[in-house]
Every structure is written in structure tokens, then in C-alpha cells.
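Below is one structure, written out as C-alpha cells; the observations come after it.
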Amino acid sequence: MDIIKNISIIFISIFFESLPFLLLGSLISSIIETYITDDKLAKMIPKNGILGSIVGIFLGFFLPACDCAVIPISKRLLKKKIPVNVAISFMLASPIINPVVLLSTYNAFYRTNPEIFWLRLIFGILIALVIGVIMGLLFGKKSVIVNNITDEDDGCCHCHHDNHSHRSIKNDILSISRHTAYDLFEVVKFLMFGALIASLVQVLLPRNILMIFNNNQVLSIITLMLFAYFISLCSTSDSFVGKSLLSTFGKSSIVAYLLLGPMIDIKNTVVLFGNYKKSFVLTLIFLIFLIIFIFSLMVVRVL
Amino acid sequence: MKKRFLGIICLLYSALIVNSLLFDSLKNFLAPQMQIYIKLSLIPMTLIGIVMVFNNNVNYRFKKSDLILLLPLVMALLTGNGRLTASFANNRSSNQNVENRVKTENNKEKADTDNNVELPNVDSATASRKANEIIEKPKEYLKESETNDNISETPILSNPFFNIIDSNYNELANYITFEPKAVKYEGKSIRVRGFALETISYLNDEYSFIGKYAISCCAADATIVGFAVKYGNRKIVTDKWYEIEGILKKGTDKEGYDIMYIEVINMKEISSNDEEQYVYPCYYYDDGLCESMSKYDLEY
């Protein structure tokens, strides 16, 4: 009974912590859908892959969203025909460079290990850029989204922003509400599975299992990456858990842990599979693990 | 009904949030800093629910997989009193984050980094003798007005050097237990409240534990923060809450690193309902000023 109680508490805490940000992300996504035309959005984005990814990263800074909220927003951007590299760079950078996450990383590390704060920020931006460009090259022209709900299903005849004769504030509010609900629950459905898996791992997996590989730098990087992936903490709180592991694992492992968690975890993997094509998600996850691993090995060399 | 399902779910989620606010159970899941967000989401969630239930333009196609959206409601029923059990503590990392720890075999040996740790000039034999004096003759340290033969049931230290409260719990537990320079506090008195564990994974079996869960965002990031304790012949029950008073002494953990532990003089059982389950970083309290820490001039 204790186990069930603990799993439930962890599950509800993940749910309560994620829900407001998913709602916010869905609201932003539906506002984009209602008010911003495909043409307007396309004009903001440079055609060049690298520049486009940089714009995506800046979008992450000015539209800060946690790792939950970015998914509905990036999906909406892709539906609006934003290039894949821009949406992916935004999706990966936003959970790291948002001010709340930067503040929590600062509070956890800056006094004793300022280099970890800077590595999270700088490497986070570089990795988002690199992966965005690669994904853009691999998937540039292809459709990567799974359409779970369409405007036709909604019976919404005035979601198209260029149909001015039907526009009114009331209709816009109703449209935004509907789209928010659809976007929200498309994501929440899969969040349920992810949160349940994360709760089971948190309660059933003994934490000291991490210590098995802490004497080997390469294995400890992989261990903490997998740890970040399965415990699915939000990027505002992973800094403090990471701080508690610093004395046992090297800085390179902690940097890997701090980079991977915001970009991908089990909870978001389930959500991504529900909203994007399998090949896209698998490629994205593979690249995230690979690029972060490579960058973490660089930390081993430098520090 | 089926096409209004999403609207009903929105309203049920709103009801869940309202329920947790009414019964003050939100603090069991979220740190204070994060509670504001779920509270702010209540109004838009409710409004969207109302639109989705009562607006005739909604034409949502219900699928059986949508039933998973009821899972939070089911899980909420299983949370009981919302308090993580103490047995869960062995599955969490400790909140220890000191890098320059020292091993007891050689006080000059560095545990990890390039930092040179100079130990304070402590006559640990004197400190130990003083500590034993307090343990053997506790009545001499009683408040005059509180002389009490039943010393096993009431706190007796008149003015403990360290009075661990929620706003300094996180930082002081970590500092006192693991920081090498904390050895200068050997022989000092301490009072602390928390749940007990007969053993804990990062300490030898000779030590028990008293502490709380520390969180910064939500229960999912809970770590353990507390003190190694020697209760002597006193019987403790895992998961029960106690207030203990004792003296700090130097010991070692499983890996041979120095720690400070509490040699208990007195303890009493307390109700967990009177205690906050979680502690937070000190800047979550006192308007971010960490005032309860400022009176301790801690050396690092």
C-alpha cells in the first residue's frame, strides 16, 4: 500500500506541475493558430537552415516554455509550415534558456561550480542549433506530424483566419478555447502514460543503483543521461537533484544530466510519439543522446 | 455526452484543483513557488470546460483511449493523506552536496577536489568529554523552571546551539553532517524534528536517521535531508515523527568520510500533522533572505 500511495503522490505531483504549462503552451498554440497567418510566420523565418535555427532559439528565449509546454507550441508551428529546423531548435532550447530554469541552475550551482551553469546554457544553445539543423536536413520537406484532431473534426468553419466575414471577438474566444482544449488533451493523454512510467521508476528503482558505474567517466555519463531520461523531472527542479549527485559523479556526467532532461525524457517521449511520426521521434531521440554524449566527453577533456 | 467529454474532463480537473486548495493538500505535491501556477490555471481551465460543455459548435469524437484522462482522478484517491512514507527515503538521494569531504583515517587526505582543506584547531578530546558530560548529567543543563524527572518525555535543553527549523533545515542538515569544517561544532547541542528511520542506505547500520524530504519544485524531485543519529537504547519506529535533542559528535559514513552525528539525550514522539512534510531551500522562506541562517557564521 505504501508503494501505491507513493506512486500516486509522485504521479499527481508531476500532473499538477505539468498541467499549467501544458495549458499555457496549448493557449499560445491556439492563439498562433487563430491570429497568425502562415504567410506572416513564414516571413519571420530566414530560409537559411542555420539562421533559421538561431531564430528558433531566440524564439525560445522570448517565448519561454518548459519541456511540457513546448510540445503543443512546436507542433502548431510545424502545422503552420514553419521549417522543421526552427521548430526543433525552439523545442530543445526553450526549456533550458527560459529565465526560471536559468535562475534555478544559477541558485544550485553558481556559488560553487559556475562552470556548470555556463556549460548548461552554452551547450544547450549549441546542441539545439546542431540538432535543429540536422533534423531540418533529414526531414525538411516531409510531414512529421500525426494529426489527431483536425479542424474538420471540430466542425469549425471559421478557424481559417482569412475568413474575415466570420470573425468576431466572441468567435475568436470560442475558437481559442476549442483549440486550446484539443491541443491540451492531445498532449495530456500521452503525458498520463509518461508520468505513470516516471512515477514507477522513481518509486521502484533504488537510487543507489546509479552508483554502480560512477567510477568510469563514460559509463557515469550514460548512467546519468538515462537517469535524467527516466525520472522526468521538470527543468526548473532538476538542478537541485543534480547538485546532490555532484559529489558522487563527475562534472561531465552532471552536465549531461542537466542537458538531457529538459530536451527529452520518458514523459515527453510518450507525448511525442502520440503527436509526431515514429521515424521523426526516434531520430530526434537518437540525436539528442548522441550529441549530448559527445559534448559531455568534451567536458571531460576540458575540465 | 461523448462530444462534451473534454469539457467534462476540464471541469473535473478544476474540481480536483479546488479540492486540493480547500483541504490544503496542494503542499503535499508542489513547492510554494510552484503552487501559484496551478492556482492561476484554475480559471482558464474552468472557462474552457464551460465552453466545451455548453457550446454547440463542439463536435469532438470520443475515443476509448480518452478514458486515460480520468487517471489523475483515480490516482488522487490513492494518495491517502498525501504524505510520502519514510520507507521511500531509501530510494532517494541524500541532499549531500559537499565536494571536499575528508576521510577519518587521514585528516589531511582530500576526498575529491584540488581544494586544500585546513581543519579547524579543535581539541576533539575536550569536545567529546564535554559532550559526554551533557549526556551523563543532563539535569545540569535543564532550564530552572523545567526541572522534570520524566526527562525522557520532554525537551530539556534550555537553549540548543543549533535549533533546526524548516527555514534552515536544508542547509544546516547538509552543512553539519557533511562539511569538514563543521567538526568545530563537536560538542554543541542541537534540537531537530523529523521522521525517523532505523537505518538509511548511505550510513552504517550503527546510525539511525532523522530528517525530512526536501523539494524545490514538486514531490517528484524529493531528496532526503537530515541527520545521522545514535539513539542509544531508545526504541524508535520507522516513519514515526520525533523531536530529539542531543550533542554533535564526529563519526564516519559507509565510505569512511567524516560526518557529524547526533548523540541523543532526549526525544519525544510528535504528531506528523503538526509538521510540514517538506523543507525547501532557505530562500523560499523569509522573503528570500535566509534570515534563520544568518546567525550561524558557517565556514566553508
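Bear in mind that the values in this text are calculations on the coordinates, not laboratory data. Here the structure is a predicted model, which means the values were calculated and not measured. Cβ: placed from backbone, ideal geometry, glycine included. Neighbour counts: every protein chain shown.
Brief remarks follow.
- Sites A:Val146 and A:Leu297, calculated FRET efficiency, Cβ-Cβ separation with R0 41 Å, nearest 0.05: 0.75
- Peptides B:220-229, A:109-118, A:1-10, ordered by how many other C-beta atoms sit within 10 Å of their residues on average, highest first, read B:220-229, A:1-10, A:109-118.
- Environment charge at A:Met44 (Cβ cut-off 14 Å; Lys +1, Arg +1, Asp -1, Glu -1): +3
- Nearest-ten-degree value, helix A:251-263 long axis tilted from longest Cα axis of chain A: 20
- Chain A: Rg to Rh, with Rh as the Kirkwood radius over Cα pairs: 0.99
- For chain A, the longest principal axis of the C-alpha atoms and the axis of helix A:114-139 are separated by about 50°.
- Cross-link reach is defined here as a Cα-Cα straight distance under 19 Å, omitting same-chain residues fewer than 8 places apart; for B:Lys230 the lysines meeting it are B:Lys130, B:Lys137, B:Lys188, B:Lys212, B:Lys240, B:Lys249, B:Lys250, B:Lys254, B:Lys268.
- For B:Arg83, the shell of other residues with beta-carbons less than 12 Å away shows a net charge of -1, using +1 for Lys and Arg and -1 for Asp and Glu.
- Computed Kirkwood radius, in angstrom, where 1/r is averaged over Cα pairs of the range A:1-48: 13.8
- Per residue convex hull volume, Cα atoms of the range A:60-140, in Å³: 71
- For B:Thr252, the residues whose modelled amide H falls within less than 5 Å of its own, excluding neighbours fewer than 5 places apart on the same chain, are B:Ile259.
- Quotient of Cα Rg and 2.2 N^0.38 Å for the range B:226-266, N being how many residues it contains: 1.22
- Cα centroid of the range A:31-47 to Cα centroid of the range B:1-80, whole Å: 31
- In this structure, the amide hydrogen of B:Ile265, modeled 1.01 Å from its nitrogen in the peptide plane, lies closer than 5 angstrom to those of B:Glu245, B:Gly246, B:Ile247, counting only residues at least 5 positions away or on a different chain.
- Whole-Hz couplings from phi, Karplus 6.51/-1.76/1.60, listed for the range B:275-283; x for Gly and Pro: 10, 6, 5, 10, 10, 10, x, 4, 6
- For the range A:20-32, 3J(HN,Hα) computed residue by residue from phi via the Karplus equation (6.51, -1.76, 1.60; θ = phi - 60°) reads x, 7, 5, 5, 5, x, 5, 5, 4, 4, 6, 5, 4 Hz, glycine and proline entered as x.
- B:Val279 long-range amide H proximity, modeled H, under 5 Å: B:Tyr213, B:Ala214, B:Ile215
- Highest average packing first - A:279-286, B:55-62, Cβ atoms within 10 Å: A:279-286, B:55-62
- B:Lys3-A:Ser279 pseudo-label distance in nm [points 7 Å out on the Cα-to-Cβ vector]: 3.7
- C-alpha long axis of helix A:49-62 to longest principal axis of chain A, angle in °: 90
- Spin-label model, A:Phe286/A:Asn215: points 7 Å from Cα along the beta carbon direction are separated by 3.4 nm.
- Taking other residues whose beta carbon is less than 12 angstrom from the beta carbon of B:Cys217, and scoring Lys, Arg as +1 and Asp, Glu as -1, yields -3.
- Computing Rg and the Kirkwood Rh from the Cα coordinates of the range A:1-119 gives a ratio, Rg/Rh, of 1.09.
- Of A:Lys75/B:Lys64; A:Lys5/B:Lys39; A:Lys267/B:Lys2; A:Lys43/B:Lys2, those spanning more than 32 Å from alpha-carbon to alpha-carbon: A:Lys43/B:Lys2
- Other protein chain Cβ atoms within 10 Å, averaged over every residue that makes up B:43-49: 4
- Relative exposure of A:Thr223, A:Thr180, judged by other C-beta atoms within 10 Å (fewest first): A:Thr223, A:Thr180
- Placing R0 at 22 angstrom, the Cβ-Cβ distance between A:Ile173 and B:Asn56 gives a FRET efficiency of 0.90 after rounding to 0.05.
- Range of Cα positions in the range B:226-300 per principal axis (Å), largest first: 41, 35, 22
- For the residues of B:79-87, the average number of beta carbons from a partner chain within 10 Å of their own beta carbon is 5.
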